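**Q** The structure under discussion is supplied below as structure tokens; questions concerning it will follow.
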Amino acid sequence: ETKNWIVDKEREIVPQIEEAAMWIRENEVVAFPTETVYGLGANAYSEEAVAKIFQAKGRPSDNPLIVHIASVVQLERLVDEIPLHAKILIDAFWPGPLTLVLNKGEGIAENVTAGLSTVAVRMPDHPVALAIISEADLPIAAPSANVSGKPSPTLAAHVLSDLNGKIAGIVDGGPTGVGLESTVLDCTTEVPMILRPGGVTREQLEKVIGNVVVDPALEDDGQAPKSPGVKYKHYAPQAKLFLVDGTAAFLQEQVENAKAAGKKVGVLTTIEGVPNYQADVVLPSGTATDLATVAQHLYEVLRKFDEYDLDVIYSETFSEEAVGKAIMNRLTKAAGGDVIKEQL
Ligand code: TXA
Ligand code: MG
């Protein structure tokens, strides 16, 4: 049975958080909210505790975890050295949705980093996450708290639907904020490289440290990505998802064709787009005028489609500006790369 602690994120440390932190100290796994998505946390110094994360998620053991900290002092023990550009980024973006990959120090459990010589670290911008880490007084290894392959959880209910009975506990602090995972940035090279687009955009990083590159594997399927997790199929709803790059009329045409073939059809759009489509289910993720709201609701909507027993889902595409980059990265993975492009 999974223990469910409900907390109010506006309040200070409460007994529920103390208990959850104690369970982490006892090498149990506990899910908790961050500003991006819910994480599934365990003591980063314990191989045994970290093994429980991989077990519960069904996560491939070659996919390393992000270590979450609540103070920069904790970072000093985890990493070998902190390069100057990383220091500048820490000042500018922590706490926040930016994960830094650095050369690892001593002491963290081997399975956290899947045998790599680097470690991914971030300081979440969420009072509940920070309180649990501080109370546990440990760095906490935490991947997203979903079963491997499913969309990351943005509500406690998502975590329970995937992991109830498989984890010791969950701290329910309400919906997360950003809705997509953190940006993963490799800081071990002279020019830092984005390994996974996320809550902090390339433009924001470049404003602070100048040139930043993007892992070429993110744009080209033929290359092996530098972040192990990026190669796995992810976020996919049960029905086959296609991205449609074109007008609403063109997307509706795809819907008509699928219906004519006897299929049950869903459409993923924004609030503004809803009136443009006649399908079995039309679900909006946020508003077209604010991509941050699209990001916020995307995983919830992808999970929602699973309730309708659909055969196929057609999704609008989004601008790749700012957080749109992360939105399109996740949608492209959820679609297994299948884009239907309108010939103009
Ligand atoms: O927002 C987030 O980052 C959430 C919350 C819970 O903090 N966490 C999250 O963790 O998304 P996860 O495990 O689902 O994704 C971690 C990503 C994976 O793609 C993994 O391969 C990559 O980070 N990663 C971890 N350690 C790495 C390393 N040393 N080098 C390169 N990539 C690494
Ligand atoms: Mg994940």
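**Q** Given the rule -39500 (n - 2.57) for each run of at least 4 DSSP H residues, summed and divided by the residues of the chain, what is its mean residue ellipticity at 222 nm, to the nearest 500 deg cm²/dmol?
**A** -9000 deg cm²/dmol
**Q** Which loop-located GluC sites (Glu not before Pro) does segment 169-258 contain, where loop means any DSSP state but H, G, I, E or B and the Cβ has at most 16 other Cβ atoms within 10 Å?
**A** Sparse-neighbourhood loop GluC sites (Glu not before Pro): 190, 219.
**Q** For segment 144-153, take each phi angle, set θ = phi - 60°, evaluate the Karplus expression 6.51 cos²θ - 1.76 cosθ + 1.60, and give the result in whole Hz per residue in order, putting x for glycine and proline.
**A** The phi angles translate into 4, 8, 10, 5, 3, x, 7, x, 5, x Hz.
**Q** I would also like to ask the following. Tell me the angle of helix 324-334 to the major Cα principal axis of the chain, expressed in degrees between 0 and 90 and rounded to the nearest ten.
**A** Between the helix axis and the principal axis of the chain, the angle is about 80 degrees.
**Q** What ranking of 271, 313 comes out by heavy-atom accessible area, probe 1.4 Å, highest first?
**A** Correct descending sequence by accessible area is 271, 313.
**Q** Sort all Cα-Cα distances of the chain into consecutive 20 angstrom bins from zero, then give the percent of pairs in each bin up to the one containing the longest distance.
**A** Once binned at 20 Å, the Cα pair distances of the chain give 32, 57, 12, 0.
**Q** When the accessible area of segment 1-129 is computed with all protein chains present and a 1.4 Å probe, what percentage of it is carbon and sulfur?
**A** Result for segment 1-129: 48 percent of the exposed heavy-atom area is carbon or sulfur.
**Q** Additional query: What list of ³J(HN,Hα) couplings, whole Hz, do you get for segment 198-203 from phi and the Karplus terms 6.51, -1.76, 1.60, once you set θ to phi - 60° and write x for glycine and proline?
**A** Result, ordered by residue: x, x, 9, 8, 4, 4 Hz.
**Q** I've got another one for you. Of 330, 59, 11, 202, which has the most accessible area and how do the rest follow, probe 1.4 Å?
**A** So the residues, ranked largest to smallest area, are 11, 202, 59, 330.
**Q** Where only protein heavy atoms count, and the probe is 1.4 Å, what is the accessible area per residue for the chain in Å²?
**A** Using a 1.4 Å probe on heavy atoms only, each residue of the chain averages 42 Å².
**Q** Taking H placed 1.01 Å from N in the peptide plane, check which residues at least 5 places from residue 150 or on another chain put their amide H under 5 Å from its amide H.
**A** Distant-sequence amide H within range of residue 150: 235.
**Q** Please figure out what share of the DSSP beta bridges in segment 185-344 is antiparallel and state it in percent, rounded to the nearest 5.
**A** Antiparallel: roughly 10 percent of the beta bridges in segment 185-344.
**Q** Right, here's the next one. Can you tell me what share of the DSSP beta bridges in the chain is antiparallel? A percent to the nearest 5 is fine.
**A** 35
**Q** Hey, in the GNM for the chain with a 10 angstrom Cα cutoff, which one of 102, 331, 310 fluctuates hardest?
**A** 310
**Q** Right, here's the next one. Please list, ordered by chain and number, the residues whose modelled amide H lies under 5 Å from the amide H of residue 340; skip anything fewer than 5 residues away on the same chain.
**A** Sorted by chain and number, the residues that satisfy this are 243, 244, 245.
**Q** Quick one: if you take sqrt(5λ) for each eigenvalue of the C-alpha gyration tensor of segment 129-214, what semi-axes come out, biggest first, whole angstrom?
**A** Whole-Å semi-axes of the equivalent ellipsoid: 30, 16, 12.
**Q** Now for a separate question. Debye sum, Cα scatterers, segment 58-162, no solvent: what log₁₀ I/I(0) at q = 0.18, 0.19 1/Å?
**A** Each listed q maps to, in turn, -0.93, -1.03.
**Q** May I ask for the angle, rounded to the nearest 10°, between helix 15-25 and the longest principal axis of the chain, with both axes built from Cα atoms and the value confined to 0 to 90°?
**A** The angle comes out near 80 degrees.
**Q** According to the Cα gyration tensor, what semi-axes, each the square root of 5 times an eigenvalue, does the equivalent ellipsoid of segment 114-174 have, listed from largest to smallest in whole Å?
**A** Largest first, segment 114-174 gives 21, 17, 11 Å.
**Q** Moving on. If you put +1 on each Lys and Arg Cβ and -1 on each Asp and Glu Cβ, how big is the dipole of the chain around its Cα centre, in Debye rounded to 20?
**A** 540
**Q** Where is the GNM fluctuation largest for the chain (alpha-carbon springs, 10 angstrom cutoff): 135, 35, 26?
**A** Maximum fluctuation in the GNM of the chain, among the listed residues, is at 26.
**Q** Running a GNM on the chain with Cα contacts under 10 Å, which residue among 273, 169, 41 ends up with the highest mean-square fluctuation?
**A** Highest fluctuation of the listed residues: 273.
**Q** Tell me the angle of helix 47-57 to the major Cα principal axis of the chain, expressed in degrees between 0 and 90 and rounded to the nearest ten.
**A** So the helix axis and the longest Cα principal axis differ by about 10 degrees.
**Q** Could I ask something else about it? Evaluate the Debye formula for segment 172-299 with equal point scatterers sitting on the alpha carbons, no solvent, and hand back log10 of I(q)/I(0) at q = 0.09 Å⁻¹, in q order, two decimals.
**A** Values, matching the q order: -0.38.
**Q** Considering the convex hull of the alpha carbon atoms of segment 15-97, report its projected area averaged over all viewing directions, in nm², one decimal.
**A** The orientation-averaged projected area of the Cα hull of segment 15-97 comes to 6.6 nm².
The values are calculated or read from the model by the stated rules, or taken from the named source; none is laboratory data. Quick caveat: nothing in here was measured; it's all calculated off a predicted structure. So basically every Cβ, Gly included, is an ideal-geometry build from the backbone, and we count neighbours across all protein chains shown. Protein only, heavy atoms only, side chains kept; ligands, DNA and RNA dropped before computing areas. Shrake-Rupley method; radii C 1.70, N 1.55, O 1.52, S 1.80 Å.
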